[in-house]
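In what follows, a structure is listed as structure tokens, so that the remarks can point back to it.
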Amino acid sequence: MQESKMIQGLGGLRGIAIIAIFFYHLYPEIFKGGFIGVSIFFIMSGFLIYITTMRKLDQNVGKFYWQRIQRIYPSLLILLIVCTIFFVTFMPTGIQHIFSEGVSTIGSYNNWYQIFENKSYFAKMTSGSPFTHLWYLSVQMQFYLLWPLIFFIHKTLIEKESVSAGSWFLVGGIILSAALMFVMYKPGSDPSRVYYGTDTRLFSFLIGNLLGALYLQNGAVRIKNQKNIFSFLGILILIAFFLVDGNKGYIYQGGMLIIDVIIATFLWIVINSEKKVPILNNSILELIGSYSFEIYLVHYPIIFFFYNKTRKIDLLLCLLIIILTNAFAFLLKTVTKQGVLILKMKLKYLLSLAVIAILALACGQYMVNRSPEVQQQNNLKASLENNQKSLKHDKKKKEAYSLKKEAVTLIGDSVSLGAAPELKEKFNEIDIDSKEGRQVVQTQSIIENLKKENKLHKLVVLALGTNGPFTKEVGQKLINTIGKNRQIFWVNSYGTHLQWQDQVNEVITQLAEENKNVHVINWAAVASKNQDKLYSDGIHLKPEAQTEYADLIKESIGE
């Protein structure tokens, strides 16, 4: 999102990218591939930083970093301060971990914070925070930290070996990073680890670096049938905004690399065009592109707030969000533009702003912790932890083990973990293995171990699907492992925020239709009519709902 006045078309492309990201966050079910806009920014960033560095070889590293800090931090720190005050006042449940999230953003490690906290980028607004999108800035800053080393090796190879050696170094980095994404992605699980990871996203920047190297080495190079190819690639990218799904495995098994190559080819045609590209050089897109960084910062907290308040964004609310986003982005740009001029003279202003932001985050965390709604969520967490300890104690206490016809094995996630005491009370013989954050793909090894130890009962309840989507193939493999000689009861998922709820429940329904020993327990139908019995996250069960949950499972099994 850097300035690029010297190259035509980039402002408009930046405008398209931020529009795609904005509508992806607003309507993820429609603009499934809008997240590709981030790849466009990464590639453009890699391209611009390469040509800027080559044109300013006399610039020292300190000056390089100071310019990046000036561009990013004034706006970021102001955003953190304003959002802290606003959300503490109007929506404390949305910022339960505001201090750690804010500090991780200031420290430029937010993407790794979200990875280690098992935060999903692909969950809907109510399961995240107004700062979820700031992972992008952390990846960007981490690339800036790596860039002097990358450029030093690249330039050394050019000087001591050849120009092609320097380019092959970048190609090798692209292949290595894309390969890491391919290898580290776990089919059927939430892909946020490889989506957030600096190591698995580095190839986008390196593609931009390679593009910059080729641009400076070869000058303007026109492609044969350039106009037709440009139109074709533009249509492909536009279609991808609607059809590419970030939850699908093909994206992380080579798909994102292919998409980035398409974007890079499109960008190559733009920067080498003899004439201005009318689509990208119109005044509206260029204006949006000129403050795309500020739009990126402010749009997500605004959408987050309204989504949590209304659960649905209609057309009128959409227009209001667009107006507010542009207004606040323009205001932020105006304020920080003057601020940057001041900061160029004195570092103390930036440090003072950072101290104010950290103090605001600390005070905000203190106020949030005192909120009744947040205390309720903390009580839920404590209850889940106690239930987990209790289940482990039961497992250790049970020395003798016998398989009984009426006994039940239940394998689930935090929803069933919360209801574990009620389930134990309703069933005479039930073995519960539930854990927070468990996904369907992780259950395969659990089933295999239970069968190996002869501890898998004839009645099996699967209460899974809340923590991520899974393919029908993954579900079928699990069913096959359990075996046709057992009856399987699969509790479907419900959550007011779950982007994958319909997808997960459709897979469960299909599996039940294709396997005679599989039956659906329709918790989603019951929960949707009793949302007041759920905690504020829209997923976990209050005590009265836990009873209904246990009763539904018992009645469905027919005991």
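Quick look at the numbers
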item: Cross-link table 227/248; 227/275; 119/381; 381/472; 309/337, entries beyond 23 Å C-alpha to C-alpha; result: 227/248; 381/472; 309/337
item: Alpha carbon convex hull of the chain, volume per residue in cubic angstrom; result: 169
item: FRET E, pair residue 375, residue 455, Förster distance 45 Å, beta-carbon r, rounded to 0.05; result: 0.70
item: Label-reachable residues, segment 92-109, where backbone N falls under 13 Å from a point 7 Å from residue 362's Cα toward its Cβ; result: 99-100, 103
item: Counting DSSP beta bridges with both ends in the chain, the antiparallel % (nearest 5); result: 5
item: Relative packing of peptides 11-18, 210-217, 377-384 - highest average C-beta neighbours within 10 Å first; result: 11-18, 210-217, 377-384
item: Per-q log10 I(q)/I(0), segment 52-127, q = 0.17, 0.26, 0.28 Å⁻¹ (Debye; single scatterer per alpha-carbon; no solvent); result: -0.81, -1.27, -1.32
item: Alpha carbon convex hull of segment 108-236, volume per residue in cubic angstrom; result: 152
item: Residue-wise HN-Hα coupling along segment 437-447, computed from phi with Karplus coefficients 6.51, -1.76, 1.60 (Hz; x: Gly, Pro); result: x, 5, 10, 4, 5, 7, 7, 4, 5, 5, 4
item: Spread of Cα-to-Cα distances over 5 Å intervals beginning at zero, given as percent, for segment 261-375; result: 2, 9, 10, 12, 15, 15, 15, 10, 6, 3, 1, 1, 0
item: Ellipsoid semi-axes in whole angstrom, largest first, where each is sqrt(5λ) of the Cα gyration tensor of segment 1-91; result: 29, 22, 9
item: Alpha carbon Rg of segment 480-559, scaled by the compact-globule rule 2.2 N^0.38 Å; result: 1.16
item: Per residue, the convex hull volume that the Cα atoms of segment 403-477 enclose (Å³); result: 82
item: Aspartates and glutamates whose Cα lies under 18 Å from that of residue 452, excluding same-chain neighbours fewer than 8 positions away; result: 399, 431, 433
item: Point-to-point label distance, residue 228-residue 176, nm (Cα→Cβ direction, 7 Å offset); result: 4.0
item: P(r), alpha carbons of segment 161-219 - 10 Å bins starting at zero, rounded %; result: 23, 42, 23, 11, 2
item: For segment 179-258, fraction of C-alpha pairs farther apart than 22 Å, in %; result: 42
item: Gained length - residue 164 relative to residue 284, 0.36 nm times residue gap less alpha-carbon distance; result: 39.2 nm
item: Kirkwood Rh and Cα Rg combined as Rg over Rh, evaluated for segment 132-188; result: 1.11
item: Kirkwood estimate for segment 391-533, i.e. one over the average of 1/r between Cα atoms, Å; result: 15.5
item: Rg(Cα) / (2.2 N^0.38 Å) computed for segment 22-62, rounded to two decimals; result: 1.77
item: Length gained when the stretch residue 55-residue 331 is fully extended (0.36 nm per residue, less Cα-Cα span); result: 96.1 nm
item: Surface share of carbon and sulfur [accessible, 1.4 angstrom probe, percent] for the chain; result: 61
item: Zero-based 5 Å bins, Cα pair distances in segment 94-169, whole percents; result: 3, 15, 20, 16, 10, 8, 9, 9, 7, 3, 1
item: 19 Å cut-off, amide nitrogen to a point 7 angstrom out along residue 537 Cα→Cβ, residues in segment 482-498; result: 491-498
item: Amide hydrogen neighbours beyond the local backbone of residue 491, cut-off 5 Å, H modeled; result: 462, 463, 464, 521
item: ³J(HN,Hα), Karplus 6.51/-1.76/1.60, whole Hz, each residue of segment 213-218, x for Gly, Pro; result: 4, 5, 5, 6, 6, 10
item: Potential lengthening between residue 556 and residue 253 on full extension [0.36 nm per residue; Cα-Cα distance subtracted]; result: 105.2 nm
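The values are calculated or read from the model by the stated rules, or taken from the named source; none is laboratory data. What you are looking at is a predicted structure, and each value in this text was computed from that prediction instead of being measured. Neighbour counts run over all protein chains shown; Cβ positions are idealised from the backbone, glycine included. Please note that ligands, DNA and RNA were not included when accessible areas were found on the heavy atoms of the full protein model with its side chains. Shrake-Rupley method; radii C 1.70, N 1.55, O 1.52, S 1.80 Å.
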